[in-house]
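These notes concern the structure reproduced below.
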């Protein structure tokens, strides 16, 4: 699974698992595009250096190409939607909120050019952006539109389940995930479903099932060619957090957790999730 080809979980899931966007977590940037490219940008209030996406010349070239395309033709919604998706991917990798503002701007332009009724991918991205802003009711309503527009497309159920989890409607979220599972035919997408089910199991206090689902997702991500690095890092972090719950039962719990986080950091050296855990 290559970055960009697997967007659903790491790129679209709500911030309760991946990134915390609270009012106090501001950003010193005023220009989303320039700041997103500036590896020296810092997060306001804390002065924390913003980690730029891991060095990937091909990905940078892709981003520049998409930016040039939409600058030359504002009605090129295909390029615009791809640009939004790329900005969301970089948000997950770096934690730099400038990428969210860029995604927000891009997704709005897409729907202004072509309304949601004829722009399914544009509405998918809009729902994803709303999720990242913690506008879960708006994200849920957009996801319902997606499900109604294309009931056989798993995207809508994916986003619907994510929004419902954040709103605490776990039973309906589980139903949406079951529908997502039934409609997903791409085996490479299964780890993204596994981690969703793992999180839901954890919410219900079923750590054993959560661990099993995370380990299943991890094994699948590691077996891909090339390996799905973002998913591998994410699973290690989540398993490390589950391991931390064992501290009253295992004397070496801290060592186990650290090994998990270090494994995540090795897989994705710019993984801010792993670094913050360490």
Legend entry - helices (runs of 4 or more DSSP H) (entirely within segment 44-146) containing at least 2 residues that are modelled with pLDDT of 95 or more, under 23 Å from residue 163 (Cα atoms) and in contact with a helix residue (DSSP H, G or I) (Cβ under 8 Å, 6 or more places away or on another chain): 77-94, 97-113, 120-132
Legend entry - Residue, farthest from residue 231 (Cα to Cα), within segment 147-190, restricted to residues that are part of a loop (DSSP other than H, G, I, E, B) and touching a residue at least 24 places away in the same chain (Cβ under 8 Å): 150
Legend entry - Selection within segment 216-234 - touching a helix residue (DSSP H, G or I) at 6+ places or on another chain (Cβ under 7 Å) and more than 21 Å from residue 88 (Cα to Cα): 216, 217, 218, 220, 222, 224
Inset, instruction - Only residues that are surrounded by 15 or more Cβ atoms within 10 Å (Cβ to Cβ) and within 21 Å of residue 157 (Cα to Cα): list them for segment 204-226, please. - result: 210, 213, 214, 217
Inset, instruction - Pull up segment 193-224, narrow it to residues that are without any contact (Cβ under 8 Å) to a residue 40 or more places away in the chain and not in a helix (DSSP H, G or I), then point me to the one that is farthest from residue 169 (Cα to Cα). - result: 206
Inset, instruction - Can you confirm whether segment 225-243 contains a residue that is part of a helix (DSSP H, G or I), over 20 Å from the mean Cα position of the chain (by Cα) and at pLDDT 95 or above? - result: no
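The values are calculated or read from the model by the stated rules, or taken from the named source; none is laboratory data. Bear in mind that the values here come from a model prediction, so they are computed numbers and not experimental data. Every residue, glycine as well, gets a Cβ built from its backbone with ideal geometry; the counts of neighbours run over all protein chains shown.
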